[in-house]
Amino acid sequence: MKLAFPMPNQLQLEGLTMPWEAAVTGADQTSLAKWADQLGYAMISVPEHHVLSRAHLERTRPHHFSAFPPMAYFAGATERIRVNSSVALLPLQHPIVTAKALSSMDWLSSGRVTVTFGVGWLKDEFDALGVPFNERGARADEYIEAIIALWTQEWPEFDGKYVSFRNVAFEPKCVQTPHVPVWFGGDADPMLRRVARHGSGWWPFLTKPEDIPARIDFIKSQSDYSGKLSEIFLGMSAGRIGAEHTVDMSKGNVGQSKQAIIDHLSRYSELGVTMSAVSPPPLQGIEQFRDYTQWVAEEIMPSLRPAVFSPS
């Protein structure tokens, strides 16, 4: 079981993020990224929204990143830790631009990039960007195939409904082979079918922990399963964030003792989860956050077992 670093102030959800997080600056996050790298955390992930509708601000503040710039920034500030998105909205950006951003980042970071794609759920965001909301699944299916073609073909060609290209050159290619690891985030059957075809990782959001094994079996049962699936991410706060950023603090809570956390993560590992994140208890500021993440690294990480998971 590997642990991701819970970088503060990447989004501001009412009832979930702590008040002190709003004062965390970019300079603070840079320092924390280096801290996470030093402590041996496996990954920093970056959520994404480009715009939010004003009606949605009752649940969350408008502070959200575009995933790829901070991923590249965190990679440049560190030496070992991986960077990921959680999630990048696949249908909302042209696949050539997405492919080039990620391969450039992977080249510059010496192969420390993973990407988790989602199809999106906020219709107003699609409307603002001029992308038909009811086409998001079809676009996602086509875009990921186009991206992989750009990453893997010497002279990339693709002919689709939404994107076509030929007689083009594309470099730098990804440092990682065959390409940057592709994960998908979400819980619906169509998303799990994308995991089966193209994914080496799955990031569920609404799936109950006890249902993870059955959903892994569903992925593996697809006729076009690629056999690549090797990573399942489920945070310890899974269940608190519901559809459309609703928050239920009665869910996803575990005791904060060392043994309670280890037992919880061990149970995750038995279910097939390979990576998680320990949610901090109520804290008063960034220095307490540093102390807590150091405690997790020193007391929890050494006690974790590998996940019981096979991609076959």
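With respect to E154, determine if the residue is surrounded by fewer than 22 Cβ atoms within 10 Å (Cβ to Cβ) and touching a helix residue (DSSP H, G or I) at 6+ places or on another chain (Cβ under 8 Å). No, not satisfied. For segment 17-33, the set of residues classified as in a helix (DSSP H, G or I) and under 21 Å from R61 (Cβ atoms) consists of P19, W20, E21, A22, A23, G26, A27, D28, Q29, L32, listed by residue number.
Whether any residue in segment 107-121 is over 20 Å from V175 (Cβ atoms), out of contact with any strand residue (DSSP E or B) (no Cβ under 8 Å at 6 or more places or on another chain) and surrounded by fewer than 21 Cβ atoms within 10 Å (Cβ to Cβ) is what I want to check. Yes, because at least one residue in segment 107-121 is over 20 Å from V175 (Cβ atoms), out of contact with any strand residue (DSSP E or B) (no Cβ under 8 Å at 6 or more places or on another chain) and surrounded by fewer than 21 Cβ atoms within 10 Å (Cβ to Cβ).
Only a single criterion out of (1) out of contact with any strand residue (DSSP E or B) (no Cβ under 7 Å at 6 or more places or on another chain); (2) not in a loop (DSSP other than H, G, I, E, B) is not satisfied by E154, namely (2). Tell me yes or no: at least one residue of segment 112-127 is over 29 Å from F74 (Cβ atoms) and not charged (D, E, K, R). Checking segment 112-127: not a single residue is over 29 Å from F74 (Cβ atoms) and not charged (D, E, K, R). The residue that is modelled with the highest pLDDT, among those in segment 51-72 that are within 26 Å of S103 (Cα to Cα) and surrounded by fewer than 17 Cβ atoms within 10 Å (Cβ to Cβ), is P69.
Filtering segment 52-107 to residues that are part of a helix (DSSP H, G or I), closer than 19 Å to P8 by Cβ, within 18 Å of the chain's Cα centre (by Cα) and of a type in the set (A, V, I, L, M, F, W, C) leaves M71, F74, A75.
Only residues that are β-branched (V, I, T) and either surrounded by fewer than 16 Cβ atoms within 10 Å (Cβ to Cβ) or in contact with a strand residue (DSSP E or B) (Cβ under 8 Å, 6 or more places away or on another chain) (or both) were counted across segment 4-29, and they come to 1.
Per-residue answers, yes or no, for (1) in contact (Cβ under 8 Å) with a residue 60 or more places away in the chain; (2) within 19 Å of V46 (Cα to Cα):
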site	(1), (2)
V97	no, yes
L108	no, yes
G111	yes, yes
V115	yes, yes
V119	yes, yes
L122	yes, yes
E125	yes, yes
P132	no, no
A138	no, no
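One residue stands out in segment 232-278 among those that are modelled with pLDDT of 95 or more and assigned to a strand (DSSP E or B): the one that is farthest from Q294 (Cα to Cα), namely I232.
Mind listing whichever residues of segment 208-231 are at pLDDT 95 or above, under 29 Å from K123 (Cβ atoms) and in a loop (DSSP other than H, G, I, E, B)? Q222, the sole residue that qualifies.
For Y143, the requirement of being on the phi < 0 side of the Ramachandran plot, more than 17 Å from the chain's Cα centre (by Cα) and not in a loop (DSSP other than H, G, I, E, B) is met. Considering only residues in segment 34-50 that are assigned to a loop (DSSP other than H, G, I, E, B) and not hydrophobic (A, V, I, L, M, F, W, C), the one that is surrounded by the fewest Cβ atoms within 10 Å (Cβ to Cβ) turns out to be G40.
Report whether or not G40 is within 18 Å of C174 (Cβ to Cβ) and out of contact with any strand residue (DSSP E or B) (no Cβ under 6 Å at 6 or more places or on another chain). For G40, the condition - within 18 Å of C174 (Cβ to Cβ) and out of contact with any strand residue (DSSP E or B) (no Cβ under 6 Å at 6 or more places or on another chain) - is not met.
The values are calculated or read from the model by the stated rules, or taken from the named source; none is laboratory data. Quick caveat: nothing in here was measured; it's all calculated off a predicted structure. Backbone-built Cβ (ideal geometry, glycine too); neighbour counts: all protein chains shown.
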